[in-house]
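Q: The following block contains the structure, expressed as structure tokens.
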Amino acid sequence: MSAPTRFPLGRPARLAVFASGRGSNLQSLLHAFPAGHELASVVLVVSNRPDATALDRARAAGVVAVHVPWPTRADFEAAANGLLSQHGVDVVCLAGFMRLLSAGFTERWAGRLVNVHPSLLPDFPGLDAHGQAIAAGVKESGCTVHLVDAGVDSGPVILQRKVPVLPGDDAEALAGRVLAVEHEAYPAAVRLLLTGAWRHDDLGETG
Ligand code: GRF
């Protein structure tokens, strides 16, 4: 295995975002890391869905937006890795990317692959995090930005933001409250990673 990437890079990082749908977290990353930003810029957006609003958002921001089909995971990952190399990408951000990547992909991008999940992990991983939270009767939920490993929503946590679960909340009401903090948390977590302010010892880094 190659040596882990050390942050800060000493130059602006090149970010790719993988998104499957609406792309509101992508929008917050595009806003935080535009072309010419000293810390990082989003240079590539990839979607497994041709009709994803995320692709429109990227194009509107002047960022390369590519639909990469998912006939099989291996096909998607081979094409995506080709694009990531071609665009010199340093860090991949998953933002509403509704597919599971292989252990091979997550190992290749270890320490440089980030996700946002709409719960306070390790609680409520996987699908329908808000429905799970409501069903469990918790008083607090939130979002987690974490490095991606081979498990489902299981990698090292970079940061979390909490919101209250209010009486009468359904999954939709909770989702809206959590989404608002995701939009602040995701760029903040990427900043922590890229500046070297947050490090994970298991990746061979020293703090
Ligand atoms: C977000 O809540 C994200 O945490 C989850 O899916 C949603 C995607 O929203 N994984 P958007 O596409 O970023 O608007």
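Q: If you go through region 17-36 one residue at a time, do you hit one that is closer than 26 Å to Arg199 by Cβ, of a type outside the set (Ser, Thr, Tyr), away from the ligand (no atom under 16 Å from the Cβ) and not in a loop (DSSP other than H, G, I, E, B)?
A: no
Q: Hey, another quick one. Given the structure, is Ala129 within 13 Å of the ligand (Cβ to nearest atom) and more than 15 Å from the chain's Cα centre (by Cα)?
A: Working: within 13 Å of the ligand (Cβ to nearest atom): yes; more than 15 Å from the chain's Cα centre (by Cα): yes.
So Ala129 passes the test.
Q: So which residues in region 144-154 are in a loop (DSSP other than H, G, I, E, B) and crowded, with 23+ Cβ neighbours inside 10 Å? Show your work before the answer.
A: First, the residues of region 144-154 that are in a loop (DSSP other than H, G, I, E, B): 148-154.
Of everything in region 144-154, just one residue is in a loop (DSSP other than H, G, I, E, B) and crowded, with 23+ Cβ neighbours inside 10 Å, namely Val148.
Q: Also, I was wondering about something else. May I ask you to verify whether Leu39 is in contact with a helix residue (DSSP H, G or I) (Cβ under 9 Å, 6 or more places away or on another chain), away from the ligand (no atom under 16 Å from the Cβ) and modelled with pLDDT of 95 or more?
A: yes
Q: Quick one: which of Leu44, Leu120 is closer than 16 Å to Leu179 by Cα, buried (at least 19 other Cβ atoms within 10 Å of the Cβ), in contact with a strand residue (DSSP E or B) (Cβ under 7 Å, 6 or more places away or on another chain) and in contact (Cβ under 8 Å) with a residue 40 or more places away in the chain? Quick ask: steps written out before the conclusion?
A: Values: Leu44 fails: closer than 16 Å to Leu179 by Cα.
One residue alone meets the criteria, Leu120.
The values are calculated or read from the model by the stated rules, or taken from the named source; none is laboratory data. The structure presented is a predicted model; accordingly, all values stated were derived computationally and were not measured. Neighbour counts run over all protein chains shown; Cβ positions are idealised from the backbone, glycine included.
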